[in-house]
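Peer 1: I'd like to ask you about the structure that follows.
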Amino acid sequence: MKLTFLLTLLFFVVPIIPASAQNATAVPSKGYAKFDNDGKFAPYEFKRHPVGDNDVLIKILYAGICHSDLHHARAEWRDETYPMVPGHEIAGQVVQAGKNVTKFKVGDYAGVGCLVNSCGKCEYCLKGEEQYCEKRVLTYASHDIFHNNELTQGGYSNNLVVSEKFAIKVPKNAQIEKVAPLLCAGITTYSPLKFTHVKKGDQVAVAGFGGLGHMAVQYAIALGAKVTVFDITEEKRQDALKMGAVKYVNVNNPKELEGLVSSFRVILSTIPAKYDPMLYVRMLKMDGELVILGVPAKENSPSVNVSSLVFASRRKVYGSQIGGIRETQEMLDYSVAHNIYPRVEVIPVQKIDDAYQKVAAGEVKFRYVIDMSTLK
Ligand code: NDP
Ligand code: ZN
């Protein structure tokens, strides 16, 4: 009697739950969060939106620590909302794929950078430059208008739900513990070297030889450029020269700056602190381009004197943000094929606070990557 009742129940109840609804449960997630701008990181449990038909669920293996994470977590750019789980340099493995997903299957490596959504219809999205879409959703510290305005949480966590469109395919042969920083430091420097058409023999300079800077140097050299590096320390001189830079300039030593006026066709500035951009404008050749990538804290924001710009004559200064999804895939494939990776130091989650202090003090060579298997 009991068995008949159960079978009847199963027959009537199970089929009326649509397949999509069976998956429509929020995904439990845990990570390391900041709870205010000057406190320490601590474990934090939260929920991510359900895995939709076009989404993948990624188990996060590694997350890079970008200097932007410090700016965000410490509210150096703007007021922020907490708890905040930073992290937009993410490498992991697909553990679930929605029914419409074609790019990935369970077990594939996947990467996620600074973007998790955009409108898909504006002129920037149609060009594949989703990072400039007005409705773009950042991987963390952003309100996701496509998912009930939920506050996005980043990669210092065990998993992530993202539309397959914003997940980057990572080849099987990639050195996975070094992949995460490519998703931000890699694309942010690869993109301007491509759109300024850097080629063999070009004189290129990279100002700020940190996480972004050391990727810029490697890409510029791979493209055949002669690369000069500017930084404020002696500690990195040998690293730059070993990496193939033709010259290293410690800007704290004015003598080393002599003779460099009108020298470079392209300069990428990744400096996250106060500096004088005109120092670099003057080192551009005519029609040369200073591409600003570094975004210092708001109280340290450098400014450019317009009169100086006029007298510098036809030297261009502009900013650039990360890169679009198509180009991020191109960068990742290029990096793996050319064996271009960041130099990383892998740390457990418990060391994030310590790592932040060292990044702020310029004591990392060149990127910390958090091993997410250390999150218990
Ligand atoms: P890092 O801290 O890893 O590197 C910054 C480097 O700049 C360090 O080597 C530092 O030297 C050096 N530096 C500091 N002050 C000067 C100076 N006055 N002149 C020359 N070099 C200097 O940071 P990241 O590479 O991770 O990030 C750099 C900046 O780029 C940040 O502001 C970040 O927010 C921004 N960013 C922007 C993106 C974009 O889309 N445009 C994307 C990602 C990041 P030392 O180590 O000796 O202190
Ligand atoms: Zn970043």
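Peer 1: Collect the residues in the range 263-277 that are over 19 Å from the mean Cα position of the chain (by Cα) and surrounded by fewer than 19 Cβ atoms within 10 Å (Cβ to Cβ), keeping them in residue-number order.
Peer 2: Within the range 263-277, Ser263, Lys274, Asp276 meet the criteria.
Peer 1: Same structure, new question: Given the residues Glu234, Glu256, which is the only one that is modelled with pLDDT of 95 or more, open to solvent by 10 Å² or more (accessible area, probe 1.4 Å), part of a loop (DSSP other than H, G, I, E, B) and among the charged types (D, E, K, R)?
Peer 2: On the way: Glu256 fails: part of a loop (DSSP other than H, G, I, E, B).
Glu234 is the lone residue from the list that is modelled with pLDDT of 95 or more, open to solvent by 10 Å² or more (accessible area, probe 1.4 Å), part of a loop (DSSP other than H, G, I, E, B) and among the charged types (D, E, K, R).
Okay, residues lined up against (1) assigned to a strand (DSSP E or B); (2) within 16 Å of ligand 2 (Cβ to nearest atom); (3) open to solvent by 20 Å² or more (accessible area, probe 1.4 Å):
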| site | (1), (2), (3) |
| --- | --- |
| Pro28 | yes, no, yes |
| Asp38 | no, no, yes |
| Pro43 | yes, no, yes |
| Phe46 | yes, no, yes |
| Pro50 | no, no, yes |
| Asp53 | no, no, yes |
| Ile58 | yes, no, no |
| Leu61 | yes, no, yes |
| Ser68 | no, yes, yes |
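Peer 1: A follow-up question, please. Any residue at all in the range 213-229 that's within 16 Å of ligand 2 (Cβ to nearest atom), out of contact with any Cys (no Cβ under 8 Å at 6 or more places or on another chain) and among the hydrophobic types (A, V, I, L, M, F, W, C)?
Peer 2: Yes, the range 213-229 has at least one match.
Peer 1: Restricting attention to the range 279-290, which residues are within 13 Å of Pro302 (Cβ to Cβ) and open to solvent by 10 Å² or more (accessible area, probe 1.4 Å)?
Peer 2: Within the range 279-290, just Leu279 meets the criteria.
Peer 1: With the requirement that a residue be of a type in the set (Gly, Ala, Ser) and free of Cβ contacts under 8 Å to residues at least 40 places away in the same chain, what does the range 246-301 give you?
Peer 2: First, the residues of the range 246-301 that are of a type in the set (Gly, Ala, Ser): 259, 262-263, 269, 273, 288, 294, 297, 301.
Listed by number, the residues that qualify are Gly259, Ser262, Ala273, Gly288, Ser301.
Peer 1: Then there is this: Restricting attention to the range 316-337, does a residue exist that is more than 21 Å from the chain's Cα centre (by Cα) and without any contact (Cβ under 8 Å) to a residue 40 or more places away in the chain?
Peer 2: Here is the first cut: in the range 316-337, the residues more than 21 Å from the chain's Cα centre (by Cα) are 316-317.
Restricting the remaining residues to those that are without any contact (Cβ under 8 Å) to a residue 40 or more places away in the chain gives 316.
Yes, some residue in the range 316-337 is more than 21 Å from the chain's Cα centre (by Cα) and without any contact (Cβ under 8 Å) to a residue 40 or more places away in the chain.
Peer 1: It is to be established whether one or more residues within the range 154-174 are closer than 20 Å to Val295 by Cβ and among the β-branched types (Val, Ile, Thr).
Peer 2: No: the range 154-174 contains no residue that is closer than 20 Å to Val295 by Cβ and among the β-branched types (Val, Ile, Thr).
Peer 1: If I ask for residues that are away from ligand 1 (no atom under 11 Å from the Cβ) and either of a type in the set (A, V, I, L, M) or assigned to a loop (DSSP other than H, G, I, E, B) (or both), which ones from the range 187-204 would you list?
Peer 2: Once the filter is applied, which keeps residues that are away from ligand 1 (no atom under 11 Å from the Cβ) and either of a type in the set (A, V, I, L, M) or assigned to a loop (DSSP other than H, G, I, E, B) (or both), the range 187-204 yields Leu193, Thr196, His197, Val198, Lys199, Lys200, Gly201, Asp202, Val204.
Peer 1: When you scan the range 210-222, do you find a residue that is assigned to a loop (DSSP other than H, G, I, E, B), crowded, with 16+ Cβ neighbours inside 10 Å, touching a Gly at 6+ places or on another chain (Cβ under 9 Å) and modelled with pLDDT of 95 or more, even just one?
Peer 2: yes
Peer 1: Shifting gears a bit: Out of Thr152, Thr228, Thr196, report the one residue that is under 23 Å from Trp77 (Cβ atoms) and among the hydroxyl-bearing types (Ser, Thr, Tyr).
Peer 2: Step by step, each of Thr152, Thr228, Thr196 is checked, and only Thr152 is under 23 Å from Trp77 (Cβ atoms) and among the hydroxyl-bearing types (Ser, Thr, Tyr).
The values are calculated or read from the model by the stated rules, or taken from the named source; none is laboratory data. Remember, predicted model here, so these are calculated numbers, not experimental data. With ideal geometry, Cβ positions are generated from the backbone for all residues, glycine too; neighbour counts draw on all protein chains shown. Please note that ligands, DNA and RNA were not included when accessible areas were found on the heavy atoms of the full protein model with its side chains. Shrake-Rupley method; radii C 1.70, N 1.55, O 1.52, S 1.80 Å.
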